[in-house]
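Note sheet for the following structure.
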Amino acid sequence: MKRSKRLQTLCGELHPCSVFADVGCDHGYMAQYMLENSLCDRAYISDISEPSLEKARRLLSEYIQEGRVQSFCCAGLEQVPRDAQQVLIAGMGGEEIVGILKTGFLPPRLVLQPMKNSEKVRRFLLESGYPIVRDYTFSDGKFYDVICAELGQTPREYGSLALEFGYDNLFAPGVDFLEYLRIEQEKCRSRLAAAGEDIPAVSEKRKRLTEALHEAERNLR
Ligand SMILES: C[S@@+](CC[C@H](N)C(=O)[O-])C[C@H]1O[C@@H](n2cnc3c(N)ncnc32)[C@H](O)[C@@H]1O
């Protein structure tokens, strides 16, 4: 079992459910985790790539024989049955995740880990009336965002900073997010120093990073 810190973090965000779905499952480790730990009765795995899906099928062959795993070679949620209660979409771009949800369906619970454009994912969920319940950055060599949403939960008030950086990062900040801000600030500082003149987009980003840092530090106390 080769579960990276990134995958372990995602495992920690998955809740027990009857039917779990992993979209873009690749290796299939997440469905294996859910089944091995009796966190779901059945799982759907899907991937747009047949070779990726085949890896997962091999890993999960015993569960497939038992009828507890069904696999679908398709784009996004296209063929995934709608009784999936909790859907994981990890390791894809935010725009792709939004596209998958728009053309697919919104299950009762979502665990999303966009590689970029997290703000677009947050905006889409909130505009769809889908409350975001967990929304933070963690580090595993690189920085990753994880966004969990659950129908029926009390919506939280997202301002522009929370949309951009993630709600829990601002209001219950962890060390990884503070590190992320410091690194990004330093990147802006050195780009501006190397240019020897103002680059408005970089200055604006630096300003937003500073605002986020102030908000996070206020909420540390
Ligand atoms: C970087 S891997 C991430 C794998 C796994 N979800 C993880 O987080 O470790 C992305 C996987 O998503 C699949 N994929 C990309 N776009 C997809 C789409 N629109 N629908 C389904 N699968 C997709 C790729 O074939 C690949 O297996």
Condition met for ALA43 (within 13 Å of the ligand (Cβ to nearest atom) and buried (at least 20 other Cβ atoms within 10 Å of the Cβ)): no
Counted residues, segment 80-101 - those being open to solvent by 10 Å² or more (accessible area, probe 1.4 Å) and more than 12 Å from the ligand (Cβ to nearest atom): 4
Segment 104-128 - residue that is more than 23 Å from PRO16 (Cα to Cα) and assigned to a loop (DSSP other than H, G, I, E, B) and, of those, most open to solvent (accessible area, probe 1.4 Å): LYS116
Options ILE64, ILE89: the member that is among the hydrophobic types (A, V, I, L, M, F, W, C), touching a residue at least 12 places away in the same chain (Cβ under 8 Å) and assigned by TED's automatic domain parsing to the domain that holds TYR144: ILE89
Residue within segment 16-27 that is on the phi > 0 side of the Ramachandran plot and within 9 Å of the ligand (Cβ to nearest atom) present: yes
First in segment 133-154 and among the polar types (S, T, N, Q), second anywhere and assigned to a strand (DSSP E or B) and crowded, with 21+ Cβ neighbours inside 10 Å, Cβ under 9 Å, 6 or more apart: THR137/TYR144; THR137/ASP145; THR137/VAL146; GLN153/ILE132
Selection count, segment 145-194, where residues are open to solvent by less than 40 Å² (accessible area, probe 1.4 Å), among the hydrophobic types (A, V, I, L, M, F, W, C) and either in a helix (DSSP H, G or I) or touching a Cys at 6+ places or on another chain (Cβ under 6 Å) (or both): 10
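The values are calculated or read from the model by the stated rules, or taken from the named source; none is laboratory data. Remember, predicted model here, so these are calculated numbers, not experimental data. Quick reminder, even Gly has a Cβ in these numbers, built from the backbone with ideal geometry, and neighbours come from all protein chains shown. Ligands, DNA and RNA are excluded from the accessible area calculation, which covers all protein heavy atoms including side chains. Shrake-Rupley method; radii C 1.70, N 1.55, O 1.52, S 1.80 Å.
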